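Shown next, in structure tokens, is the structure this report addresses.
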Amino acid sequence: QLINGNFDVWQRGKSFGELTSHFFADRWMFRTNNPSALTSKTITRKSFDVGQTDVAGNPLYYSSVNMNYASKSSSDFHGIENIIEGQQKFLGETVTVDGYIRYAQGTGGISAGATGGPPSGITGGTLGLYIRRSVNTGSSYTINEIDTPIVVTGGVWTPFIVSTSLGSSAGHTGNTGDGYVAVGIKLNGILENTDLELSNVRLFSSQGE
């Protein structure tokens, strides 16, 4: 169901440092409700080596996110999300999201560990998947955070898979004709000054709660 879930198309550029909400790879958006909570943020397109086998699907590129905080608050929300047309999409259905994720070795506070394993001293991090329903302007929306965590164990590409059932009454009020659904990963738990890398994200839906 996702367009450009494998990050192959970057028509706006290859590196983005804005602290406010903005698009980066096609159909992908960095979203924040409090830019002043960040001291720095970069999103960069990176390339796979030809013939790599760590990530299925033979993608060309992956996305790398690096963030540092001025402050942290439970009311802050930072994430990257893929935009899908249709504010009421997936209501009454089960959605399954999968992909690959890792922390880059040798960046920030992570020391490179043994080849093929997590970096030394890293215990991993937990991130969360969310679904945001919005009117077309983005001025009014509802965020549904999914309880199943995405666990990042270290510096190797790790597959994740999360499924959730969306009730038929879980839609967002307001204009329903041309709004959208955004499926994203909440970044509040990201390690600071460390490249979080994401690849080959897919979403499947099945009818019936």
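Just so you know, all these numbers are worked out from the coordinates, no wet-lab data involved. This one's a predicted model, so the numbers in the text were calculated from it and none came from an experiment. Note that each Cβ is placed from the backbone with ideal geometry, even for glycine, and that neighbours are counted across all protein chains shown.
Structure above, values below:
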read-out	value
Prolate/oblate/rounded label for the stretch 12-103 (Cα gyration tensor, a/c 1.5)	oblate
Under-5 Å amide H pairs with G154, H placed in peptide plane, nonlocal only	Y103
Difference of contour (0.36 nm per residue) and Cα-Cα distance, T96 to D76	4.6 nm
Under Karplus coefficients 6.51, -1.76 and 1.60, residue-wise ³J(HN,Hα) of the stretch 35-52 in Hz, glycine/proline x	x, 5, 6, 10, 9, 7, 7, 10, 10, 10, 7, 10, 10, 7, 5, 4, x, 4
FRET efficiency for F48 and I3, using Cβ-Cβ distance with R0 set to 22 Å, rounded to 0.05	0.65
11 Å beta-carbon shell around Y100, net charge (K/R +1, D/E -1)	-1
Computed over the stretch 1-95: relative contact order in percent, which uses C-alpha pairs under 8 Å that are six or more apart	31
Distance in nm between pseudo-label sites at T164 and R202 (7 Å out along the Cβ direction from Cα)	2.1
Karplus (6.51, -1.76, 1.60) ³J(HN,Hα), θ = phi - 60°, over the stretch 139-154, in Hz, Gly and Pro reported as x	6, 9, 7, 10, 10, 10, 7, 8, 5, 5, x, 9, 9, 9, 8, x
Net charge, R45 excluded, C-beta distance under 13 Å - Lys, Arg +1, Asp, Glu -1	-1
Amide hydrogen neighbours beyond the local backbone of V9, cut-off 5 Å, H modeled	D26
Table column - 3J(HN,Hα) (Hz), the stretch 16-30, Karplus curve with 6.51, -1.76, 1.60, x for Gly and Pro	9, x, 5, 8, 7, 4, 6, 7, 10, 5, 3, 6, 10, 9, 8
Nonlocal amide H pairs with N193, under 5 Å, H built at 1.01 Å	M67, N68
